[in-house]
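Before any comments, here is the structure.
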Amino acid sequence: QVRLVESGGGLVGTGGSLRLSCAAPGRTFSRNVMGWFRQAPGKSREFVAFIRGISSITWYADSVKGRFTISRDNAEATVSLQMNSLRPEDTAVYYCAAGDVAGVAANLYPYWGQGTQVTVSS
């Protein structure tokens, strides 16, 4: 069983920044694809970004490209999401996910964290 633990959510004003972190202890972290997804009230869960294992190649949703940056520290088994220039429409619960296949579909990721709330006020 993989346990992912997110941290770093909170409340910020429009244009502000937040950094989310996800720890994945006890797993062969460096080979896994790590992703971030989000779910706003009344909406389905949507892809935000992923980062591959060894190569660290990244991919972003168009809605966050140029504002968000995903990174990983394989030695510490953590993945982070730096979120800049935040907008009210970024308000959602953000989830960390892990899997073996890179992609934007949530069902590619069998392991999920509990989620952390990000609220951007206008």
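The values are calculated or read from the model by the stated rules, or taken from the named source; none is laboratory data. Note that the structure is predicted; figures quoted are calculated from it, not measured. Cβ coordinates were reconstructed from backbone atoms using ideal geometry, including for glycine residues, and neighbour counts include every protein chain displayed. What goes into the accessible areas is simple: the full protein's heavy atoms, side chains included, and nothing from ligands, DNA or RNA. Shrake-Rupley method; radii C 1.70, N 1.55, O 1.52, S 1.80 Å.
Here are the numbers for the structure shown:
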| quantity | calculated |
| --- | --- |
| Number of the condition not met by Ile54 [criteria: (1) within 22 Å of Arg67 (Cα to Cα); (2) among the hydrophobic types (A, V, I, L, M, F, W, C); (3) part of a loop (DSSP other than H, G, I, E, B)] | (1) |
| Count of the range 81-122 residues which are of a type in the set (D, E, K, R), over 20 Å from Ile51 (Cβ atoms) and without any contact (Cβ under 8 Å) to a residue 60 or more places away in the chain | 1 |
| Leading residue by the ranking (least open to solvent (accessible area, probe 1.4 Å)) among those in the range 47-56 that are over 10 Å from the mean Cα position of the chain (by Cα) and either closer than 19 Å to Ala106 by Cβ or of a type in the set (Gly, Ala, Ser) (or both) | Gly53 |
| Number of positions in the range 1-38 that are in contact with a Gly (Cβ under 8 Å, 6 or more places away or on another chain), open to solvent by 20 Å² or more (accessible area, probe 1.4 Å) and either of a type in the set (Asp, Glu) or not in a loop (DSSP other than H, G, I, E, B) (or both) | 6 |
| Any chance Trp59 is out of contact with any Lys or Arg (no Cβ under 9 Å at 6 or more places or on another chain), crowded, with 16+ Cβ neighbours inside 10 Å, hydrophobic (A, V, I, L, M, F, W, C) and part of a strand (DSSP E or B) | no |
| In the range 75-101, residue surrounded by the fewest Cβ atoms within 10 Å (Cβ to Cβ) [restricted to those that are hydrophobic (A, V, I, L, M, F, W, C) and at pLDDT below 95] | Ala75 |
| Filter result (open to solvent by 50 Å² or more (accessible area, probe 1.4 Å), at pLDDT 95 or above and assigned to a loop (DSSP other than H, G, I, E, B)) within the range 102-113 | Val104 |
| Single residue of Ser80, Ser85, Ser122 found to be of a type in the set (Ser, Thr, Tyr) and under 13 Å from Trp36 (Cβ atoms) | Ser80 |
| Pairs with Cβ under 6 Å, 6+ apart, first in the range 6-19 and closer than 8 Å to Val118 by Cα, second aromatic (Phe, Trp, Tyr) and outside any strand (DSSP E or B) | none |
| Residue in the range 93-101 that is charged (D, E, K, R) and either under 22 Å from Thr14 (Cβ atoms) or in contact with a Cys (Cβ under 7 Å, 6 or more places away or on another chain) (or both) present | no |
| Boolean, Ser44 is hydroxyl-bearing (Ser, Thr, Tyr), over 17 Å from Val5 (Cα atoms) and out of contact with any Leu (no Cβ under 7 Å at 6 or more places or on another chain) | yes |
